[in-house]
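Before any comments, here is the structure.
The values are calculated or read from the model by the stated rules, or taken from the named source; none is laboratory data. The structure displayed is predicted, hence computed values, not measured ones. Positions of Cβ are backbone-derived with ideal geometry, glycine not excepted, and every protein chain shown enters the neighbour counts.
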Amino acid sequence: MTDQLKKLLLGEQGLVVIFIVAFALVSLLVPNFLTDRNMLGLLQSVVTVGIVACTMMFCLAARDFDLSVGSIVAFAGMVAVMASNYIGSILLGLVAAIACGAFVGFINGVVIAKFRINALITTLATMQIVRGLALIASDGRAVGINSPDFYQLALSKFLGIPTPIWVLAVLFGIFGFVLNRTVFGKNTLAIGGNPEASRLAGVNVDRTRIWIFALQGVVCGIAGILLASRITSGQPNAAVGLELSVISACVLGGVSLAGGRATMSGVIVGVLIMGIAENAMNLLNIPAFYQYIVRGVILLLAVLLDNLRSSALGRR
Amino acid sequence: MSFLDFSRITKTYPGVKALSDVSFGVARGAVHGLMGENGAGKSTLIKILSGDQHADAGEIRIDGKVQAYSSTRDAFDNGVIVIHQELQLVPELTVAENLSLGRFPASAGIIAGRRMLDEVGAKLKSAGIDIDISRKVKTLSIGERQMVEIAKAVMLDARVIALDEPTSSLSSRESEILFALIDRLRAEGKVIIYVSHRLDEVFRLCDSLTVLRDGKLAAHHTSLEGVTRDQVVAEMVGREISDIWGFRPRKSGDVRLKVDAVSGAKLKTPASFEARAGEIVGFFGLIGAGRSELMRLVFGADPRSGGAISVDGKVVHATDPHGAIRAGIVLCSEDRKHDGIIQGRSIEENINISSRRHHARFGVLNRANEIATAETFIKKLKVRTPSRKQDIINLSGGNQQKVILGRWLSEQGVRVLIVDEPTRGIDVGAKSEIYELLYQLAEDGMAIIVVSSELPEVMGICDRILVMCGGRIGAELTRDQFAEKTILAAALPDTKTPDAIAS
């Protein structure tokens, strides 16, 4: 009995099992949790973290790190709003925002891959530079949106489900496919497993890493646009601390910080566990200060579990 | 009564029975050989001895006392020390610091440097180990590092010392020093477990011998008197292997690879050579002679500062592995763990990493093809694994080597295959298989370059040998000119005579 339980929890799908159990428990114990409205609210609350987690997963899987995501999200949101206002076209505004995100990501990638600067340091620097740019562009104030159509990005619904949730679902699908079924995804995992061996096996390591960061920028651009639309303005101080939530979600989802190990299903579960914990605590009226502690504890437990699983698999 | 006793040791890994019911004993003051093919269970047995793994059943007794370790630290404290193939030293610390690590002589947390040097120095002197203990480990050669590892065992007054393939990266000179040290430890009454694939070493050093096969005890010799090499080989593989080289003459064709005055940061003297289609060219030399460095330049693993490379008359402009592979040059590196295997990923992925580009469409993998490729090469190369999904880190060294060979054999259009120390750490049975494979590939028209520190190997399988010494190609011999003395003489720097090593 206990052996079977151990096998279930420490097996490949252990995290999914825990997620299902946690979900069932919360549904039973927390009033108003399992309602359509709350479910949609929960999903909407994890859109930003979830979208960015898609590419953060690649970053971590390749043994890299990106701290600049929060700043890029805020910056891209600013650009989307200001460019839309200035040009008078929302579409061009969105293109500009995504291009800016991609550009920052590309710079991150080039500095890290070509100039061999540590990813932590590089993105720590761009995190501050980009945040500074967002503050300068807006003079430190929130910038309102001229065209009400911009709100529709976040408000519109398809089959009763808000667009941002669809975007999240589509990105989960795309990046899950990219990770498992494409040369790019496999190369990413190989680089994380052993960068030098991957290079000697003919993988273009530098180019792959640059692509990962550029994609991360693009995805941050998308997240920034949706966030700006939801909060109906460009906020230079938006998404502060996002990088830590995203990395937590990935680690919760079994992505190894040592690289080489990541699954999309794990990351989705990681994102949802974070969302559910927060949502349940809100429903139970647990004060925000305590929520930090709970989140930290969940993260530690997840990592401990992961450790147990690794040693159960006989890997060190 | 033996001093060290293994009694009915059994160990199962997921999908593999690594050891079943293995029992044998070793007397005090004996060097005991432990042989067997890859995956025969040697490493597992050593891991259990070192406290790194636990046996599912059975026990280890030392001096009649049952040893139950919960960690390697426990084994340490009980005087059992295992020296692994991958040395475990801190490169940035000095020899003395490495030897005192965990037991620094200190007062109030401040290391008493003088006392440390004195203590370590005295201990090593009495053991007859001659190393400058104030040097940083990163400045030592691999041979010297090995000495430091053994010195560590001496420092701890080990009762049982296990050496796992200690000579696999040593030159013959360094090996001699090691053997002398082992002889001294034996005289002091230590028990030494000597794991090796090299029969001559085992016969030269060991008093007794255990052979494992497929996790079971295949033979136990309490004395090596009257035991022949052929007999041991047969015990290891479970069948007779008459000629391990199995050399087959071949016709060589046109020049495939032409390397013209290539040089780089680690190879100052420009080097030139050619290899023909169907030819197996050996590169022999001492460790540090520049063989691996030259091959890394040819493959583009290191940037070259000058010279030209062409394959089938076409100049290879690329200076990175990515481009070299596309030009038909592939390299199996010498350092499997660092440059070869991709840890944490499956055998399947390790095989397909390069060749998948041929059947991926728009960057999307062809799953069916990848599975088929993996299965084909697991079968063809006889990789011992329960499944293609197994993480490569769980395989034995020889099986990892086979997977890496599979990676390159699954590539299309390989014209030049460079293998650097292809059989290091590989057992006799697998060796013959790998040689046979090289002959087949050569017959199919590949140019094959074999870099090896084992003279019998290059002499046994190559059509032509180039000897490197001090960063330059010193001599070239065709098969009819092969002679141990000539080759060694060319490999040695001028100051040494060939007899010093040959004897």
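Listing for the model above:
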quantity	calculated
Any chance A:Ile268 is assigned to a helix (DSSP H, G or I) and at pLDDT below 90	no
The listed residue being within 25 Å of B:Thr139 (Cβ to Cβ), free of Cβ contacts under 8 Å to residues at least 40 places away in the same chain and among the small types (Gly, Ala, Ser), out of B:Gly25, B:Gly102, B:Gly51	B:Gly102
Subset tally (residues that are surrounded by fewer than 18 Cβ atoms within 10 Å (Cβ to Cβ), part of a strand (DSSP E or B) and of a type in the set (A, V, I, L, M, F, W, C)) for the stretch B:220-269	2
Test: B:Ile434 is away from every other protein chain (no Cβ under 11 Å) and free of Cβ contacts under 8 Å to residues at least 40 places away in the same chain	yes
Among (1) modelled with pLDDT of 85 or more; (2) within 26 Å of B:Gly36 (Cα to Cα); (3) touching a helix residue (DSSP H, G or I) at 6+ places or on another chain (Cβ under 8 Å); (4) outside the structural domain of B:Arg276 (by TED's automatic domain parsing), the one test that B:Ile371 misses	(2)
Sole residue being of a type in the set (A, V, I, L, M), within 14 Å of chain B (Cβ to nearest Cβ), part of a helix (DSSP H, G or I) and within 20 Å of A:Ala119 (Cβ to Cβ), chosen from A:Ile191, A:Ile174, A:Ile247	A:Ile191
Those helices (runs of 4 or more DSSP H) lying entirely in the stretch B:109-202 with at least 1 residues touching a residue at least 60 places away in the same chain (Cβ under 8 Å) and either surrounded by fewer than 18 Cβ atoms within 10 Å (Cβ to Cβ) or outside the structural domain of B:Gly36 (by TED's automatic domain parsing) (or both)	B:142-155, B:172-187
Helices (runs of 4 or more DSSP H) wholly inside the stretch B:327-422 containing at least 2 residues that are within 13 Å of chain A (Cβ to nearest Cβ) and crowded, with 22+ Cβ neighbours inside 10 Å	B:347-355, B:397-409
Selection within the stretch A:210-235 - out of contact with any Gly (no Cβ under 6 Å at 6 or more places or on another chain), of a type outside the set (Gly, Ala, Ser) and surrounded by 21 or more Cβ atoms within 10 Å (Cβ to Cβ)	A:Ile212, A:Leu215, A:Val219, A:Ile222, A:Ile225, A:Leu226
Residues located in the stretch A:160-179, provided they are modelled with pLDDT of 90 or more, over 28 Å from A:Asn85 (Cβ atoms) and surrounded by fewer than 17 Cβ atoms within 10 Å (Cβ to Cβ)	A:Ala169, A:Gly173, A:Ile174, A:Phe177
So B:Ala301, is it outside any helix (DSSP H, G or I) and either under 26 Å from A:Thr182 (Cα atoms) or more than 10 Å from every other protein chain (Cβ to nearest Cβ) (or both)	yes
Filter pass, A:Ala62 being within 18 Å of A:Thr263 (Cα to Cα) and in contact with a Lys or Arg (Cβ under 8 Å, 6 or more places away or on another chain)	yes
Residue within the stretch A:198-206 that is at pLDDT below 95, within 14 Å of chain B (Cβ to nearest Cβ) and within 15 Å of A:Met56 (Cα to Cα) present	no
Test set (1) within 14 Å of another protein chain (Cβ to nearest Cβ); (2) modelled with pLDDT under 90 - A:Val183 fails condition number	(2)
Residue within the stretch B:307-317 that is charged (D, E, K, R), at negative phi and surrounded by 19 or more Cβ atoms within 10 Å (Cβ to Cβ) present	no
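A quick yes/no check of all residues on (1) of a type in the set (D, E, K, R); (2) closer than 22 Å to A:Leu40 by Cα:
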{"residue": "A:Ile129", "(1), (2)": "no, no"}
{"residue": "A:Ala134", "(1), (2)": "no, no"}
{"residue": "A:Arg141", "(1), (2)": "yes, no"}
{"residue": "A:Ser147", "(1), (2)": "no, no"}
{"residue": "A:Gln152", "(1), (2)": "no, yes"}
{"residue": "A:Ile161", "(1), (2)": "no, yes"}
{"residue": "A:Ile165", "(1), (2)": "no, yes"}
{"residue": "A:Leu171", "(1), (2)": "no, yes"}
{"residue": "A:Ile174", "(1), (2)": "no, yes"}
